[in-house]
Amino acid sequence: MIITRLRRHATGLGRAAQACRATLGRIAPVLACAALLGASGAHAQEPEVVMKKSTVWKMLTPDDKLATYALDDPGVAGVACFYTVPERGGVKGMFGVAEERSEVSLACRQVGPISFKEKFEQGSVVFRQSRSLIFKKMQIVRGCDAKRNTLVYLVYTDRLIEGSPQNSTSAVPIMPWGAATDAPKCANWVDK
């Protein structure tokens with residue numbers, strides 16, 4: 001009954017939050033609402049669709065697909081990440097209630113001169129996205145390999161109760177760009 005009410009009202013994050021407070025308030029108000037609200041992006045930026053490719057044909061409902069997205073790192077100018085995720089079709093996928101698979105691939109690259117916008121901690125969240133109605137999310141996090149002056153990105157999925165061993169890692173060596181002769185050191189921007 002609770003899930004049915006959430007499905008009817010969860011058309012946007014605002015409505016989902018209202019539904020969460022109204023229907024799940026009796027069960028686990030802090031836990032459920034925090035998971036639902038925390039499943040949105042870590043920052044306001046939304047990833048851009050690069051391409052989608054059908055993998056399983058469905059006759060009357062949307063196909064299962066592999067979708068590739070591009071995302072600029074909100075804390076480091078000059079770095080973009082590309083990730084591919086499976087997206088379920090079928091009836092559940094059509095209504096946005098399917099639990100998505102955990103497999104995600106990731107490739108991050110330097111696409112311009114690198115400059116840091118703010119200090120960050122090892123494992124800072126770059127992007128977070130819901131992969132199920134409430135409790136499963138995908139996260140891209142950033143770290144710094146100071147010895148090699150390289151940004152390291154990790155993507156993984158987790159659940160409230162148990163995580164997933166599915167993950168992917170990408171590294172971006174910080175190099176001079178264009179006429180510049182030196183590059184910033186990521187170690188100077190990591191909070192210790």
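The values are calculated or read from the model by the stated rules, or taken from the named source; none is laboratory data. Please read these numbers as outputs of a predicted model, since none were measured by experiment. Counting neighbours? That spans all protein chains shown, and the Cβs are built from the backbone with ideal geometry, glycine included. The area values use the complete protein model at the heavy-atom level, side chains included, leaving out ligands, DNA and RNA. Shrake-Rupley method; radii C 1.70, N 1.55, O 1.52, S 1.80 Å.
Data for the structure
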| quantity | calculated |
| --- | --- |
| The lone exception for Asp64 - which of (1) open to solvent by less than 20 Å² (accessible area, probe 1.4 Å); (2) modelled with pLDDT of 70 or more; (3) over 30 Å from Ala171 (Cβ atoms) it fails | (1) |
| In segment 170-192, the residues that are touching a helix residue (DSSP H, G or I) at 6+ places or on another chain (Cβ under 9 Å), buried (at least 17 other Cβ atoms within 10 Å of the Cβ) and in a strand (DSSP E or B) | Val190 |
| Number of positions in segment 66-87 that are under 12 Å from the mean Cα position of the chain (by Cα) and in contact (Cβ under 8 Å) with a residue 60 or more places away in the chain | 4 |
| Meets criteria (under 30 Å from Thr55 (Cβ atoms) and either modelled with pLDDT of 95 or more or in contact with a Ser or Thr (Cβ under 6 Å, 6 or more places away or on another chain) (or both)) for Lys92 | no |
| Search result, residues across segment 134-156 that are modelled with pLDDT under 90, more than 17 Å from Ser105 (Cα to Cα) and open to solvent by 20 Å² or more (accessible area, probe 1.4 Å) | Phe135 |
